[in-house]
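Heads up: the structure comes next, in structure tokens.
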Amino acid sequence: MRAVVTGASSGIGEAIARSLAGMGATVVMVGRDGQRLDAARTRILAAVPDAELVLERADLSLVGEVRELAAWLAKPPLPDVVISNAAVIAELDDFTSEGIHRALATNHLAPYLLLRSLVEPIGDRPARFVVVGASPRALARTPVDLDDLNLQNGRGLGPIPSFRPFAAYGRTKNMNAMFVHALARRLGGTRITVNGVHPGVIKGTGLGRDSRGALKVFGAVAGRFASGRPDAGADTPVWLAVSPEVDGVSGRFFVRRQVVPTASHTTDAGRCERLWNESARLVSRAEAEARAAGRGGVFGGVPRARP
Ligand SMILES: NC(=O)c1ccc[n+]([C@@H]2O[C@H](COP(=O)([O-])OP(=O)(O)OC[C@H]3O[C@@H](n4cnc5c(N)ncnc54)[C@H](OP(=O)(O)O)[C@@H]3O)[C@@H](O)[C@H]2O)c1
């Protein structure tokens, strides 16, 4: 089995990679920082000495790099499993060089573009896509504002300024659920499945490590009450990737290996389609921005060499 795990340089993604490697999978570990990826590989090899690991550096907040990654993964051997796990909490003024809010780009546009780009190359082979989202219950009151996907005016993100990045993150995590529904509908007739998962409230990860003010305090306090460690967070994503129990199951959202409902604002077909189309528009806009700035990648220069 060949499995791709994004955000595998720490936390839950590293635990997912370690678990899959322990099952004998070749794991492509995707991360934005070569040294952090190397360090994660060293830790995994200490636990699984014969782990087959391929390190792939890509900044998933940049559409150009997601396209390059997708093009590379589309070459044989094609993946049997792709777990989209990378995510960030970013300040409201944190926009990428392509003009996209960093949390929107990393948490939603990256899986949107990566997974949809792999559907055609995978063709009629079986494959499983898993999207790591967040707690549907906690997110029920953070509907996606389809008129402000890119968080340019940030209306309705709450009265406490330092909490707004967390609300913005919540919106992007609701987009994960909406994307699972929209993609599952498009995968009908293929042998590719896609499911979403909340990994649980997990301590000892890097999420929110750059938070400030009241959100930082809240994160520290919440961390004390978090029950699980990254291995616990990896359990349901890995189960979705490999278990025969979920053969053919698609378009569902899971918590602790159980199907759970997500808020109606994440399942409404009209809203999911609008998110799909708006996401395509934002991807094109980001690519135009990168071209105008003369940046490389597959759009303006020579694609980077890959191992
Ligand atoms: N921890 C929780 O309680 C919790 C609860 C609900 C949902 N989740 C979800 O679980 C997933 C994993 O989070 P975590 O808690 O394990 O946090 P984490 O330790 O911060 O892991 C996030 C991973 O994403 C990577 N990443 C961030 N930006 C990236 C970019 N631009 N390009 C490539 N990789 C990037 C990070 O790389 P670096 O190592 O370079 O930072 C890291 O490997 C996320 O989807 C999160 O939303 C976590």
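The values are calculated or read from the model by the stated rules, or taken from the named source; none is laboratory data. Nothing here was measured: the structure is a model prediction, and the numbers come from that model. Reconstructed Cβ throughout: ideal geometry from the backbone, glycine too, with neighbour counts over all protein chains shown.
With (1) touching a His at 6+ places or on another chain (Cβ under 6 Å); (2) within 16 Å of the ligand (Cβ to nearest atom) as the list, and CYS272 as the residue in question, which single condition is left unmet?
Condition not satisfied by CYS272: (2).
In the list ARG155, ARG209, ARG191, which residue meets the criterion of being of a type outside the set (A, V, I, L, M, F, W, C), touching a residue at least 24 places away in the same chain (Cβ under 8 Å) and surrounded by fewer than 21 Cβ atoms within 10 Å (Cβ to Cβ)?
ARG191
Which residue pairs have Cβ atoms closer than 6 Å, lie 6 or more positions apart in sequence or on different chains, and pair a first residue in the stretch 79-90 that is closer than 17 Å to LEU104 by Cβ and touching a residue at least 60 places away in the same chain (Cβ under 8 Å) with a second residue that is part of a strand (DSSP E or B) and near the ligand (Cβ under 8 Å from one of its atoms)?
Hits for this filter: SER84/THR6; ASN85/THR6; ASN85/VAL132; ALA86/THR6.
Determine which member of the set GLY64, GLY11 is out of contact with any Asp or Glu (no Cβ under 8 Å at 6 or more places or on another chain) and more than 20 Å from ARG171 (Cα to Cα). Quick ask: steps written out before the conclusion?
On the way: GLY64 fails: out of contact with any Asp or Glu (no Cβ under 8 Å at 6 or more places or on another chain).
The match here is GLY11.
Could you tell me whether any residue of the stretch 117-128 is acidic (Asp, Glu) and over 22 Å from the mean Cα position of the chain (by Cα)?
yes
Can you tell me which residue among PHE166, PHE179 is surrounded by 22 or more Cβ atoms within 10 Å (Cβ to Cβ), among the aromatic types (Phe, Trp, Tyr) and not in a strand (DSSP E or B)? Show your work before the answer.
Details: PHE166 fails: surrounded by 22 or more Cβ atoms within 10 Å (Cβ to Cβ).
Matching residue, one of PHE166, PHE179: PHE179.
Is one or more of the residues making up the stretch 87-101 aromatic (Phe, Trp, Tyr) and under 30 Å from GLY189 (Cβ atoms)?
no
Using the structure shown, decide if GLY196 is more than 10 Å from the ligand (Cβ to nearest atom) and of a type outside the set (A, V, I, L, M). Walk me through how you get there before you give the answer.
On the way: more than 10 Å from the ligand (Cβ to nearest atom): yes; of a type outside the set (A, V, I, L, M): yes.
When the stated conditions are applied, GLY196 passes them.
Considering every residue within the stretch 152-164, establish whether at least one is touching a strand residue (DSSP E or B) at 6+ places or on another chain (Cβ under 6 Å) and more than 12 Å from the ligand (Cβ to nearest atom).
No, the stretch 152-164 contains no residue that is touching a strand residue (DSSP E or B) at 6+ places or on another chain (Cβ under 6 Å) and more than 12 Å from the ligand (Cβ to nearest atom).
Considering the stretch 118-137 alone, what residues qualify as being buried (at least 23 other Cβ atoms within 10 Å of the Cβ) and either within 9 Å of the ligand (Cβ to nearest atom) or not hydrophobic (A, V, I, L, M, F, W, C) (or both)?
ARG128, VAL131, VAL132, GLY133, ALA134
Please state which of the following conditions ALA220 fails to meet, knowing it meets all the rest: (1) within 24 Å of ARG141 (Cβ to Cβ); (2) touching a residue at least 24 places away in the same chain (Cβ under 8 Å).
All conditions pass for ALA220, except number (2).
Check every one of the helices (runs of 4 or more DSSP H) wholly within the stretch 189-276 and list those with 1 or more residues that are within 22 Å of ARG102 (Cα to Cα) and either modelled with pLDDT under 95 or more than 20 Å from the chain's Cα centre (by Cα) (or both).
In the stretch 189-276, 213-225 are the helices (runs of 4 or more DSSP H) which contain 1 or more residues that are within 22 Å of ARG102 (Cα to Cα) and either modelled with pLDDT under 95 or more than 20 Å from the chain's Cα centre (by Cα) (or both).
State whether the residues of the stretch 239-250 include one that is within 16 Å of the ligand (Cβ to nearest atom) and more than 23 Å from ALA15 (Cβ to Cβ).
Scanning the stretch 239-250, I find no residue that is within 16 Å of the ligand (Cβ to nearest atom) and more than 23 Å from ALA15 (Cβ to Cβ), so the answer is no.
Report every pair of residues separated by at least 6 positions or lying on different chains whose Cβ atoms are under 7 Å apart, first residue within the stretch 52-77 and touching a residue at least 12 places away in the same chain (Cβ under 8 Å) and within 20 Å of ILE16 (Cβ to Cβ), second surrounded by fewer than 20 Cβ atoms within 10 Å (Cβ to Cβ) and β-branched (Val, Ile, Thr).
Cβ pairs passing all conditions: GLU52/THR26; VAL54/THR26.
Could you check the stretch 247-264 and list, in sequence order, the residues that are in contact (Cβ under 8 Å) with a residue 60 or more places away in the chain and β-branched (Val, Ile, Thr)?
Correct list: VAL255, VAL260, THR262.
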